[in-house]
Amino acid sequence: MGKNLFEKIISSHLVTGTPKAGNEIGIRIDQTLTQDALGTMAYLQFEAMGVPVVKTESVSYVDHNTLQDGFENADDHRYLQTVADKHGIKYSKAGNGICHQVHLERFARPGLTLIGSDSHTPTSGAVGMIAMGVGGMDVAVAMAGGPFYLTYPKVIRVNLTGRLQPWCSAKDVILKMLQILTTKGNVGTVIEYGGPGAAALTVPERSTITNMGAELGVTTSLFPSDEMTKVFFKAQGREKDWQLLGPDEDAVYDRVIEIDLNSLVPHIACPHSPDNVKTVNEVAGLKVDQVLVGSCTNSSYRDIMMVADMVKGKKVHSHVSFGVAPGSKQVLAMIAKNGALHELVAAGARILETTCGFCVGCGQAPQTKGVSLRTNNRNFEGRSGTKDGQVYLVSPETAVAAALTGVVTDPRDLGLTYPDIVLPELYEIDDTLIVEPSKDQAVEVYRGPNIGEPPKNTAMLESLSAKVGIKVGDKITTDHIMPAGPFLKYRSNVPKYADYVFYHMNPEFAAKCQANREQGKASVIVAGLSYGQGSSREHAALCPMYLGVRVLLAKSVERIHGANLVNFGILQLTFEDEMDYDRIEDGDELAIDHVHQAVEQEIIVVKNVSKGYEFKTKCSLTPRQKEIVLSGGLLNYVAKNTK
Ligand code: MIC
Ligand code: SF4
């Protein structure tokens, strides 16, 4: 029986376990990446492990928070640079670009494994590698040489046939996928793209598709490494990093989805979820206030050239604010040289820094109730920085159509000649902003006042007495739990950042948890379906842990967030009967007796002390994960097992 591509790469990296859907396996990690917003915690955790030099090829990127409105970011960046220097980590300075764009250009390699403390790490799956988003703690363990544990997923094959038609692009493919699979229920799945339609897509186009696999909630997405991949590696001056790698002809998949590119039309994700997808035609005519092109989804040379070509000789509509953020220094340097930058500026575009910026709510918040068309991957409520901002996700082509007309417009209706974007035979290669580490143990690590120690948890007590601190509904994202934007600068200062847990949903949450603690009680979060979707933000587990949250009771939990809860010692239970979700109320007192024994069982009985009834829950963690949770998190577990 033939192997699919995911299986092949796993087999060559397997450390423990049997690769069968649902089993826990441990794999060897070749590369890691971090970004500044989660990097500080990852490196503090790495330092706590006492390993002198990383065992992986590791890159630390600064791309999320470059506003530097205060000393905090600058402190973080200096800490990141010095800690990288000391421990053998490459440091990609602010200005070099968005981690996923730069990693794809300069580091990604077919056949390797990469984990990154950012949920869009699967972008690099575009070149035929296994790239996964994880919490910072898992990155720290991998850098120290430990295996990465994951549940062996189901593998879905997406067969692309036909060819993308003019004005339809890779973004429309992934928006279509989101319409089919939605953001819910895809935990434990990997997607492998293939077929003649996939073969015709360039690597940057493929990366737009693998990038937004994060929104589907899948473990990762991959394309085969083929002749098209070779062209990309050659153009990046890295032909030696390329190898031919794909699934066997007779590879077996758990499910096959067919997408005919010939019939694909431009799509748009409406507020406030990436799976709220319609065709652009259905929304056409809506007045637009802001248009932003950029982010790790759509900021490649191909995308920015498409934008520049479309606006050439035209003017941005008078009531639209149009911003363009090239994804990397490489892209910016090249458009500066070939004149495309001039076309953009002449048309009235605002040129934004080569960072995450608007995508993570750092700048460019739209006006009150403002309609903003963006090429990024997330449009969760409030993420833009404006609570009632109406963010729509589109391709660069659809974005420009709106920037020119002032209303949502199907780019096919513009009457323009479709630009023929030719990718360069050789990109401009200049890694000036990637600082090589000195591996000098004498390097002094800079720790400004914004750098705090990672807080520790204690082992789980025998009996748990806790109060519900908040009850929330379905699809709660890590942005709801731990807002980013102006609060990003507190990422390396957990006591401070913890004041903002659920800030936009219930600003009293931190105070309530504190009151529970004073009564000698832990706190519980009660949630609906797909809790923790959206990102690898481990602060969404770390800060609640700091506030004394010991249990999450949900209808279902997303993969990366679930792993982060384990790493910080928060017990995740799911309702055996979802009706019990309705019975429970904010403030209810709950109890679990003999927790250590209870989690060994499949069913765990929880008492609602306030209301005087019992209900059943499930704990679907692996034996290893249960032990970590009972120890109070991964740091305690590792310390216990290495004594
Ligand atoms: C995001 O897009 O939400 C982020 C900011 O990149 C996060 C990581 C973080 O919160 O640091 C992600 O996607 O994992
Ligand atoms: Fe940055 Fe946005 Fe990509 Fe996250 S999704 S890595 S914030 S560009």
- Message: Against the definition (in a strand (DSSP E or B) and open to solvent by 20 Å² or more (accessible area, probe 1.4 Å)), how does Tyr392 come out, yes or no?
- Response: yes
- Query: Do we have any residue at all in segment 457-471 that's in the same structural domain as Ala541 (by the TED database), within 16 Å of ligand 1 (Cβ to nearest atom) and either out of contact with any helix residue (DSSP H, G or I) (no Cβ under 9 Å at 6 or more places or on another chain) or of a type outside the set (Phe, Trp, Tyr) (or both)?
  - Reply: no
- Number of positions in segment 15-45 that are open to solvent by less than 10 Å² (accessible area, probe 1.4 Å) and assigned to a strand (DSSP E or B): 8
- Since Gly520 meets every condition but one in (1) within 20 Å of Ala554 (Cα to Cα); (2) out of contact with any helix residue (DSSP H, G or I) (no Cβ under 6 Å at 6 or more places or on another chain); (3) in contact (Cβ under 8 Å) with a residue 40 or more places away in the chain, which condition does it not meet? (1)
- Looking at segment 233-269, which of the residues that are among the small types (Gly, Ala, Ser) and out of contact with any Pro (no Cβ under 8 Å at 6 or more places or on another chain) is nearest to Leu286 (Cα to Cα)? Ala269
- Message: Any residue that is touching a helix residue (DSSP H, G or I) at 6+ places or on another chain (Cβ under 8 Å), in a strand (DSSP E or B) and away from ligand 1 (no atom under 15 Å from the Cβ) - is there at least one of those in segment 500-513?
- Response: no
- Do we have Thr477 as among the polar types (S, T, N, Q) and within 16 Å of ligand 1 (Cβ to nearest atom) here? yes
- Message: Quick check on segment 535-554. Is at least one of its residues open to solvent by 10 Å² or more (accessible area, probe 1.4 Å), under 18 Å from the mean Cα position of the chain (by Cα) and within 15 Å of ligand 1 (Cβ to nearest atom)?
- Response: yes
- Task: Within segment 434-445, identify whether any single residue is under 24 Å from the mean Cα position of the chain (by Cα), surrounded by 16 or more Cβ atoms within 10 Å (Cβ to Cβ) and touching a residue at least 12 places away in the same chain (Cβ under 8 Å), and answer yes or no.
- Result: yes
- When residues of segment 69-78 are filtered for being farther than 14 Å from Ala37 by Cβ and out of contact with any Gly (no Cβ under 9 Å at 6 or more places or on another chain), how many remain? 2
- Identify, please: which residue in segment 271-299 is open to solvent by 10 Å² or more (accessible area, probe 1.4 Å) and among the hydroxyl-bearing types (Ser, Thr, Tyr) and is, among those, farthest from the chain's Cα centre (by Cα)? Thr279
- Query: Only one residue in Glu205, Glu215 is open to solvent by less than 20 Å² (accessible area, probe 1.4 Å) and farther than 19 Å from Thr113 by Cα, so which one is that?
  - Reply: Glu215
- Which listed residue, of Val62, Val51, Val83, is more than 16 Å from ligand 2 (Cβ to nearest atom) and within 22 Å of Arg537 (Cα to Cα): Val83
- Residues located in segment 112-127, provided they are under 20 Å from Pro147 (Cα atoms) and within 12 Å of ligand 2 (Cβ to nearest atom): Gly116, Ser117, Asp118, Ser119, Thr121, Pro122
- Task: Could you figure out which of (1) under 30 Å from the mean Cα position of the chain (by Cα); (2) in a loop (DSSP other than H, G, I, E, B) isn't true of Leu461?
- Result: (1)
- Can you work out which of the residues in segment 111-135 that are farther than 15 Å from Val190 by Cα and small (Gly, Ala, Ser) is farthest from ligand 1 (Cβ to nearest atom)? Gly111
- Message: Between Ser535, Ser530, Ser463, Ser492, which is closer than 25 Å to His596 by Cα and small (Gly, Ala, Ser)?
- Response: Ser463
- Task: State whether the residues of segment 197-215 include one that is within 15 Å of ligand 1 (Cβ to nearest atom), closer than 20 Å to Tyr253 by Cβ, of a type in the set (A, V, I, L, M, F, W, C) and part of a helix (DSSP H, G or I).
- Result: no
- Message: Given (1) touching a Cys at 6+ places or on another chain (Cβ under 6 Å); (2) surrounded by 24 or more Cβ atoms within 10 Å (Cβ to Cβ), identify the lone condition not met by Ala498.
- Response: (2)
- Item | Where a residue in segment 217-241 is over 23 Å from Phe6 (Cβ atoms) and its partner, wherever it lies, is β-branched (Val, Ile, Thr) and open to solvent by 10 Å² or more (accessible area, probe 1.4 Å), with Cβ under 6 Å and at least six apart | Gly237/Ile429
- Task: Identify the single condition in (1) of a type outside the set (Ser, Thr, Tyr); (2) within 16 Å of ligand 2 (Cβ to nearest atom); (3) modelled with pLDDT of 95 or more that Asp30 does not satisfy, given that it satisfies every other one.
- Result: (2)
- Note on the structure: The number of residues in segment 534-563 that are away from ligand 2 (no atom under 16 Å from the Cβ) and not basic (Lys, Arg) is 17
- Query: Hey, any hits in segment 150-165 for a residue that's open to solvent by less than 10 Å² (accessible area, probe 1.4 Å) and assigned to a helix (DSSP H, G or I)?
  - Reply: no
- Inspect all residues belonging to segment 113-135 and state whether any of them is under 21 Å from the mean Cα position of the chain (by Cα) and open to solvent by 20 Å² or more (accessible area, probe 1.4 Å). no
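The values are calculated or read from the model by the stated rules, or taken from the named source; none is laboratory data. Worth saying up front: this structure is predicted, and the values here are computed from it rather than measured. Note: ideal-geometry Cβ built from the backbone for every residue, glycine included; neighbour counts use all protein chains shown. Areas reflect the complete protein model, heavy atoms only, side chains present, ligands, DNA and RNA absent. Shrake-Rupley method; radii C 1.70, N 1.55, O 1.52, S 1.80 Å.
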